[in-house]
Amino acid sequence: MTGAPHLALPLLLALLVGCVEGPGLSDLPRGDAQAFADEVQPILGPGCANPACHGSEQRPLELYATGLHRADPADLYSDAPLHDLELERNQRAAEAMLAGLEAAADSPLLTKPLSPDHGGSEHRGGVQFVDPSELDYLTLLDWAEAALLESP
C-alpha cells in the first residue's frame, strides 16, 4: 500500500462491513455510474470537496474533486482528472446516504444542503440549495431516485 497509507483503514472497514449482520456494501443502493460521473460529480466535487468541508477523511461524506481533495496526498490540488477509484468512492459515499430510505428526498445528500425554509436540515457548510426547484438539486434528486429504484 505504498503511496496511499490513508486508504488502508477505509478499505479494511469496507471489508469488515460485509462480515457483520445487517446491510453491507452490497446492500447499498447502486446509482448509474455514468450519470454520476457526468451529472452528479460536477455538482458535488467543486461545491463540496474543499478540504475544509467534505474534502477530508474526517467527514462522514468524504469527497474527492479535481483541484481539491484527492485520495493520494501527493495529488492534493492536482488538476488531473479523478482516478477511477476516487470517482467510485465518491459515488459509493453518495449511495451510502441513500441506505435504508424509501424516498430520495429524505436523504442527507439532499436535506443537508437544502434551505430549512424548504425542508432542509442544519448543514455546517451553509445552504447550497435555496429552493428544491434548482437544477442542481433536481439533478441530485433524479440520480438518487433512480438509484433507489435499482436497489437490491
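The values are calculated or read from the model by the stated rules, or taken from the named source; none is laboratory data. Worth saying up front: this structure is predicted, and the values here are computed from it rather than measured. For neighbour counting, all protein chains shown are included, and Cβ atoms are generated from backbone atoms with ideal geometry for every residue, glycine included.
Please go through segment 93-111 and give me each residue that is crowded, with 19+ Cβ neighbours inside 10 Å and assigned to a loop (DSSP other than H, G, I, E, B), ordered by number.
Result: M97, L98, S107.
Is it the case that D84 is at pLDDT 90 or above and more than 22 Å from L138 (Cα to Cα)?
yes
Quick check, is S133 over 22 Å from S151 (Cβ atoms) and exposed (fewer than 15 other Cβ atoms within 10 Å of the Cβ)?
Values: over 22 Å from S151 (Cβ atoms): yes; exposed (fewer than 15 other Cβ atoms within 10 Å of the Cβ): yes.
The answer is yes for S133.
Since I43 meets every condition but one in (1) β-branched (V, I, T); (2) in a loop (DSSP other than H, G, I, E, B); (3) closer than 15 Å to P113 by Cβ, which condition does it not meet?
In the conditions (1) β-branched (V, I, T); (2) in a loop (DSSP other than H, G, I, E, B); (3) closer than 15 Å to P113 by Cβ, I43 misses (2) alone.
Out of segment 108-139, which residues are touching a helix residue (DSSP H, G or I) at 6+ places or on another chain (Cβ under 6 Å) and among the hydroxyl-bearing types (S, T, Y)?
Passing the criteria: S121, T139.
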